[in-house]
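Visitor: Sharing a structure below in structure tokens format, with a few things to ask.
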Amino acid sequence: MAITALDDRGREELLALDAALASLGVERFLVARHGLRQRHGGCYSPFSNNLFISDRVALHPTQLLTVLRHEGWHSVQDCRGGGLDSRRSRPAMDPTELSPLVLEALDPRRFPDKAIWLLEVEAHSAAMEPGRTLQALGSCSTNGKMGNPADARQVVPPL
């Protein structure tokens, strides 16, 4: 049986992640499930600094939290690559911090090159650790690109 409810800490982290992404100027959008690849709950674009979240995922707070952690980590990698304006992503974790479970589960042959595989392993590892993405977003350099959270569309539904 899947857990579908968040405790108070989970709710706080979900709202804080949404606010942190908004403050960095990362726009968040709900998209119909057919707008994403099969079995993908979200997608971060380093070219537009947009984060797309499946409308189905948004209905399940625990899945939404995991997707925001994962896709939020991709924006951290984007910052690490030279800021949100650079369109380059770089690893943001020490390799010793990667989850052994994720290393086993993600087959590197499914990815076009090892660099992309490593970025995905990091994002999956970060999604498993409460607070990890939020902390990294807080220290993310934005190279002057700061958005107004009030201007961004909030995708986190009322909990």
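Visitor: Within region 42-83, which residues are aromatic (Phe, Trp, Tyr) and part of a helix (DSSP H, G or I)?
Guide: Correct list: TRP73 only.
Visitor: Based on what the data block shows, is ARG87 at pLDDT below 85, farther than 22 Å from ARG9 by Cα and touching a Gly at 6+ places or on another chain (Cβ under 9 Å)?
Guide: Values: at pLDDT below 85: yes; farther than 22 Å from ARG9 by Cα: yes; touching a Gly at 6+ places or on another chain (Cβ under 9 Å): yes.
Answer is yes for this residue.
Visitor: Please count how many residues of region 2-15 are assigned to a helix (DSSP H, G or I) and either free of Cβ contacts under 8 Å to residues at least 60 places away in the same chain or surrounded by 16 or more Cβ atoms within 10 Å (Cβ to Cβ) (or both).
Guide: 5
Visitor: Being in a loop (DSSP other than H, G, I, E, B), touching a residue at least 12 places away in the same chain (Cβ under 8 Å) and surrounded by 15 or more Cβ atoms within 10 Å (Cβ to Cβ) is the filter here; which residues of region 105-129 pass it?
Guide: Within region 105-129, just LEU106 meets the criteria.
Visitor: The conditions are (1) in contact with a Phe, Trp or Tyr (Cβ under 8 Å, 6 or more places away or on another chain); (2) of a type in the set (A, V, I, L, M, F, W, C); (3) surrounded by fewer than 17 Cβ atoms within 10 Å (Cβ to Cβ), and LEU59 fails exactly one of them. Which is it?
Guide: Of (1) in contact with a Phe, Trp or Tyr (Cβ under 8 Å, 6 or more places away or on another chain); (2) of a type in the set (A, V, I, L, M, F, W, C); (3) surrounded by fewer than 17 Cβ atoms within 10 Å (Cβ to Cβ), only one is false for LEU59: (1).
The values are calculated or read from the model by the stated rules, or taken from the named source; none is laboratory data. Owing to the predicted nature of the structure, the values given are computational and were not obtained by experimental measurement. When we count neighbours, we look across all protein chains shown, and the Cβ atoms used for this are built from the backbone with ideal geometry, even at glycine.
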